[in-house]
Amino acid sequence: MRIGSFEFRPSLWPTLATLILLPFLAGLGVWQLERAGWKQDIVDRHAARARQPAVELQSLLPAGPDSQYRAVMASGHYDLDRQLLLDKRLHQGRAGYHVLTPFRLAGRDATLLVNRGWVPVGASRAVLPELPGPAGEIRLTARVALPPEEIFRLDSAEEAGSGWPQVVQAIDIPALEQRLGHALLPLVLQLDADDAHGFVRDWKAVYGIPPDKHRAYAMQWFTLAVVLAIIYIGVNTRRTGRSGTGDEETHNE
């Protein structure tokens, strides 16, 4: 194909490579946009449920996917003698734990975990933080956070300590039931930020990479696809000289 004094003559191997890579790069961009849409839906649902007024926890039990991030109220008392520290929790770049305190519901033979917030790791991991809390029955406001369906651990095994609190690597309800010695409801309450009996609380929807970053990744893949197309055209295009009209004029002179 000739355009003016340039001729586009694609060769075999660059063409094959481009035919393989160009759809692949564009497909990755589309996939990242789809992921961004899915994550944005999670963020929007979280924001919508957070705006709803708090309801009695009992009305949501058993908790299903529609309960995620709902604000609830519950009465009961903490088991301050057997608390758990969820390890590898970061806050503003600092390492620490999330404090998981068993909460026995009033008027019901049921216990669940309340995440009372973040505490920093001390000078040594051998010295665990003090975890004070209220004695007697209380009424709290929190939001529902369903445990992840898949549990990932860096360590091959967890060994329960002999004392309390105990450090755990994940919210694995069956494993935590064995530690505590009794059944747990399959949900966690994230304590309201205004509750006086918690620690540092900055709750966000759990969705991993945020939507904006997925969109940025999509733009990178699309940009690479465009660059590949430009390179392909460039390496297969040659300048052949003047156009036909210009050659005739030179010949007549």
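I'd like to verify a number: residues in segment 102-149 that are of a type in the set (S, T, N, Q) and either at pLDDT below 95 or farther than 23 Å from Pro65 by Cα (or both), how many?
Of the residues in that region, 1 qualify.
Can you give me the number of residues within segment 32-64 that are in a helix (DSSP H, G or I) and closer than 22 Å to Asp192 by Cβ?
Final tally of qualifying residues: 14.
So that you can scan it fast, the table gives a plain yes or no per residue for (1) among the aliphatic types (A, V, I, L, M); (2) closer than 17 Å to Gln83 by Cβ; (3) assigned to a loop (DSSP other than H, G, I, E, B):
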| position | (1), (2), (3) |
| --- | --- |
| Asp202 | no, no, yes |
| Arg215 | no, no, no |
| Thr223 | no, no, no |
| Val226 | yes, no, no |
| Gly234 | no, no, no |
| Arg238 | no, no, no |
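Listed residues Leu140, Leu80; which is in a strand (DSSP E or B) and not charged (D, E, K, R)?
Values: Leu80 fails: in a strand (DSSP E or B).
Only one candidate passes the filter, namely Leu140.
Return the pairs, sorted by first residue and then second, in which the second residue is small (Gly, Ala, Ser), the first residue lies in segment 118-131 and is within 18 Å of Leu100 (Cα to Cα), the beta carbons are less than 7 Å apart, and the residues are 6+ apart or on different chains.
As it stands, the answer is Trp118/Gly96; Val119/Gly96; Pro120/Gly96; Val121/Ala95; Val121/Gly96; Pro129/Gly122, since those pairs meet every condition given.
Check Tyr69 against each of (1) surrounded by fewer than 18 Cβ atoms within 10 Å (Cβ to Cβ); (2) part of a loop (DSSP other than H, G, I, E, B) and name the one condition it does not meet.
(1)
Quick check: is even one residue across segment 152-166 within 30 Å of Glu34 (Cβ to Cβ), of a type in the set (A, V, I, L, M) and at pLDDT 95 or above? Please lay out each step first, then the result.
Start the filter on segment 152-166 by keeping residues that are within 30 Å of Glu34 (Cβ to Cβ), which leaves 152-154.
Narrowing further to those that are of a type in the set (A, V, I, L, M): 154.
This time we only want the ones that are at pLDDT 95 or above, so: none.
So far as segment 152-166 goes, no, none of its residues is within 30 Å of Glu34 (Cβ to Cβ), of a type in the set (A, V, I, L, M) and at pLDDT 95 or above.
Can you find even one residue in segment 24-38 that is closer than 25 Å to Arg215 by Cβ, basic (Lys, Arg) and out of contact with any helix residue (DSSP H, G or I) (no Cβ under 6 Å at 6 or more places or on another chain)?
Looking for residues that are closer than 25 Å to Arg215 by Cβ, basic (Lys, Arg) and out of contact with any helix residue (DSSP H, G or I) (no Cβ under 6 Å at 6 or more places or on another chain), one finds none in segment 24-38, hence no.
If you check every pair at least six apart or on different chains, which have Cβ atoms under 7 Å apart with a residue in segment 171-189 that is more than 19 Å from Leu57 (Cβ to Cβ) first and a residue that is charged (D, E, K, R) and open to solvent by 20 Å² or more (accessible area, probe 1.4 Å) second?
Leu180/Arg82
All but one of (1) open to solvent by less than 80 Å² (accessible area, probe 1.4 Å); (2) under 30 Å from Ile138 (Cα atoms); (3) acidic (Asp, Glu) hold for Asp41; state the number of the condition that does not hold.
(2)
Within segment 83-109, take every residue that is touching a Ser or Thr at 6+ places or on another chain (Cβ under 9 Å) and not in a loop (DSSP other than H, G, I, E, B) and give me the one that is surrounded by the fewest Cβ atoms within 10 Å (Cβ to Cβ).
Arg104
Filter segment 111-124 down to the residues that are touching a strand residue (DSSP E or B) at 6+ places or on another chain (Cβ under 8 Å) and open to solvent by 30 Å² or more (accessible area, probe 1.4 Å) and list them by number. Steps first, answer last, please.
First, the residues of segment 111-124 that are touching a strand residue (DSSP E or B) at 6+ places or on another chain (Cβ under 8 Å): 111-121.
Of everything in segment 111-124, those that are touching a strand residue (DSSP E or B) at 6+ places or on another chain (Cβ under 8 Å) and open to solvent by 30 Å² or more (accessible area, probe 1.4 Å) turn out to be Pro120, Val121.
The values are calculated or read from the model by the stated rules, or taken from the named source; none is laboratory data. Note that this is a predicted model, so its numbers are computed, not measured. All Cβ positions, glycine included, derive from the backbone under ideal geometry; neighbour counts span all protein chains shown. The area values use the complete protein model at the heavy-atom level, side chains included, leaving out ligands, DNA and RNA. Shrake-Rupley method; radii C 1.70, N 1.55, O 1.52, S 1.80 Å.
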